[in-house]
Amino acid sequence: MAGPLEGIRVLEFTSGAFGGMCAMVLGDLGASVIKVEGLEGEPLRYGNMPGRTYAVETTRDESYKWLAWNRSKQSLALDVKQPEGLEVALKLAERADVLIKSFRPGVMERLGLGYDELSKGNPRLIYCSLSGYGEEGPLAHRICGDMWAQAFGGVIAAQGTEGQPPYLNSVALSDHAGAVISAFGVLAALFAREKTGVGQKISNNLVNSVMFMQSTEIAAYLMDDIKMVRRGRGWLCGQFPFGAFRAKDRDLVSVFGSRDEWPKLCDVLGIPELGRDPRYDTQEKREALKHELYPHLDAAFSRRTASEWVSIFRASKMRVDPAQTYDELCVHPQTQANDMVLTQEHPNRGKLRSVGVPVKFEKTPATPSAPPPLLGQHTRDILAELGYDAARIKELATRAVVRLDD
């Protein structure tokens, strides 16, 4: 059964997770995605991987990063700076429903692949322009990336403990969330095209995405001047002692003891005296004196294992859960029930496992169509569909306009 975007053709000019994952989401939903790469491949296609000791220059193994955001695509290895390469790109753009690009503002225009140029030949084209800081403004042409966007967007400044240096998130949040937000924009533009008959240019950037992910926190600042600060174990929108604690054997998260739950929490932990102490009888007092309370809570949690606390809290109609590792997450029955571990056959790696498609469709299931492609794996087929015969394809490969996978 075909996915919901069957028949939609996507042309991808991106490098990195932001644009790569945006196109992959559309591919997973059934769109036909052609990823245009240079003759040496996208820069992040190859590289060091955790736990591997080889140097970048000595391997052609594809990186975990690249493999993670490039399934459900075809690879066209093409030099668009050559006239014949540009000709191929223009022919593909004439047939495309969507074009996604993630280069800095002005790059595609200099190549002859800007929206104004392409929309003349294909007025139905949805042109999705992704950037770091935006297409206009003083930082528009500055190089950006996930952590830079998190820093600019206020996230990093609030990470860590007051008086100590901030720490970086271990997950590229703005890249990943920005990709999904952008894919949502593409879908909305396609829906609008169904009503108007014409396409349009849409844009998103990493800074916009990281701000959107902080909608509650930034709203608190804009409405009441509540600023993000380094709260250590706390969280801006969660009241003390919402956070993480260490049981006898592992970490626990999501303790919520505000309002009338504070005395109940203390009873469950075996420290009822704290729940009745007038020094801590309001949320404001507890927040101000949390440095006094944390040692008591830490000592209480350390007396039992995580599984014991989970049983005790649930029996008391309160919430606490273990902080799972990937080892546990990926084999958990709930993860399996959600069908969130995907297995595909890759020509080099054999069985390739990755994160599945989060949104489920009853009538038009989203099933990733193919593993991440080898460099130039589909160059020959794509050119043949455009009308190039075998001799012409061989000539273009000989002249380094395209690269074939053989």
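The values are calculated or read from the model by the stated rules, or taken from the named source; none is laboratory data. Source: prediction; values computed, not measured. Neighbour counts run over all protein chains shown; Cβ positions are idealised from the backbone, glycine included. The area values use the complete protein model at the heavy-atom level, side chains included, leaving out ligands, DNA and RNA. Shrake-Rupley method; radii C 1.70, N 1.55, O 1.52, S 1.80 Å.
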Some residue of the range 350-372 being of a type in the set (Val, Ile, Thr) and farther than 26 Å from Ala183 by Cβ | no
Expected output for the range 349-374 (first residue over 14 Å from Ala23 (Cα atoms) and among the small types (Gly, Ala, Ser), partner open to solvent by 90 Å² or more (accessible area, probe 1.4 Å) and at pLDDT 90 or above, Cβ below 6 Å, 6+ apart or cross-chain) is Gly356/Asp339
Of (1) in a loop (DSSP other than H, G, I, E, B); (2) open to solvent by less than 40 Å² (accessible area, probe 1.4 Å); (3) touching a helix residue (DSSP H, G or I) at 6+ places or on another chain (Cβ under 7 Å), Gly376 fails just (3)
Considering the range 288-304 alone, what residues qualify as being among the hydroxyl-bearing types (Ser, Thr, Tyr) and either loosely packed, with under 14 Cβ neighbours inside 10 Å or not in a helix (DSSP H, G or I) (or both)?
-> Ser302
Odd one out for Glu57 among (1) open to solvent by 10 Å² or more (accessible area, probe 1.4 Å); (2) over 20 Å from Asn122 (Cα atoms); (3) at pLDDT 95 or above = (3)
Given (1) open to solvent by less than 60 Å² (accessible area, probe 1.4 Å); (2) without any contact (Cβ under 8 Å) to a residue 24 or more places away in the chain; (3) not hydrophobic (A, V, I, L, M, F, W, C), Glu109 misses just (1)
Can you tell me which residue within the range 379-406, out of those that are in contact (Cβ under 8 Å) with a residue 24 or more places away in the chain, charged (D, E, K, R) and assigned to a helix (DSSP H, G or I), is farthest from Leu78 (Cα to Cα)?
-> Asp381
Inspect the range 340-357 for any residue being open to solvent by less than 50 Å² (accessible area, probe 1.4 Å), on the phi > 0 side of the Ramachandran plot, modelled with pLDDT under 95 and not in a helix (DSSP H, G or I) and give the result as yes or no.
-> yes
Cβ pairs under 8 Å, 6+ apart, first in the range 277-295 and more than 16 Å from Lys264 (Cβ to Cβ), second modelled with pLDDT under 90 and aromatic (Phe, Trp, Tyr) = Glu287/Phe240; Lys290/Phe240
Would the range 65-81 turn up any residue that is over 29 Å from Met211 (Cβ atoms), open to solvent by less than 70 Å² (accessible area, probe 1.4 Å) and at pLDDT below 95?
-> yes
Take Arg95 and decide whether it is free of Cβ contacts under 8 Å to residues at least 40 places away in the same chain, within 22 Å of Ala23 (Cβ to Cβ), more than 18 Å from the chain's Cα centre (by Cα) and open to solvent by 10 Å² or more (accessible area, probe 1.4 Å).
-> no
Would you mind stating whether Leu173 is in contact (Cβ under 8 Å) with a residue 40 or more places away in the chain and under 15 Å from the mean Cα position of the chain (by Cα)?
-> yes
What do you reckon, is Phe245 part of a helix (DSSP H, G or I) and not polar (S, T, N, Q)?
-> no
Looking only at the range 141-163, decide whether some residue is farther than 23 Å from Trp66 by Cα, open to solvent by 70 Å² or more (accessible area, probe 1.4 Å), touching a Pro at 6+ places or on another chain (Cβ under 8 Å) and not polar (S, T, N, Q).
-> yes
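Please determine whether any residue of the range 231-242 is polar (S, T, N, Q), open to solvent by less than 30 Å² (accessible area, probe 1.4 Å) and either at pLDDT below 90 or assigned to a strand (DSSP E or B) (or both).
Of all residues in the range 231-242, those polar (S, T, N, Q) come to 239.
Then drop every residue that is not open to solvent by less than 30 Å² (accessible area, probe 1.4 Å), which leaves none.
No, the range 231-242 has no match at all.
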Take the residues in the range 305-339 that are free of Cβ contacts under 8 Å to residues at least 60 places away in the same chain and closer than 22 Å to Arg276 by Cβ, then tell me which one is most open to solvent (accessible area, probe 1.4 Å).
-> Lys317
Can you tell me which residue within the range 272-287, out of those that are of a type outside the set (Ser, Thr, Tyr) and touching a Phe, Trp or Tyr at 6+ places or on another chain (Cβ under 9 Å), is most open to solvent (accessible area, probe 1.4 Å)?
-> Asp281
Test result for Asp389, more than 29 Å from the chain's Cα centre (by Cα), open to solvent by 30 Å² or more (accessible area, probe 1.4 Å) and at pLDDT below 95 | no
Only residues that are at pLDDT below 95 and outside any loop (DSSP other than H, G, I, E, B): list them for the range 18-52, please.
-> Tyr46
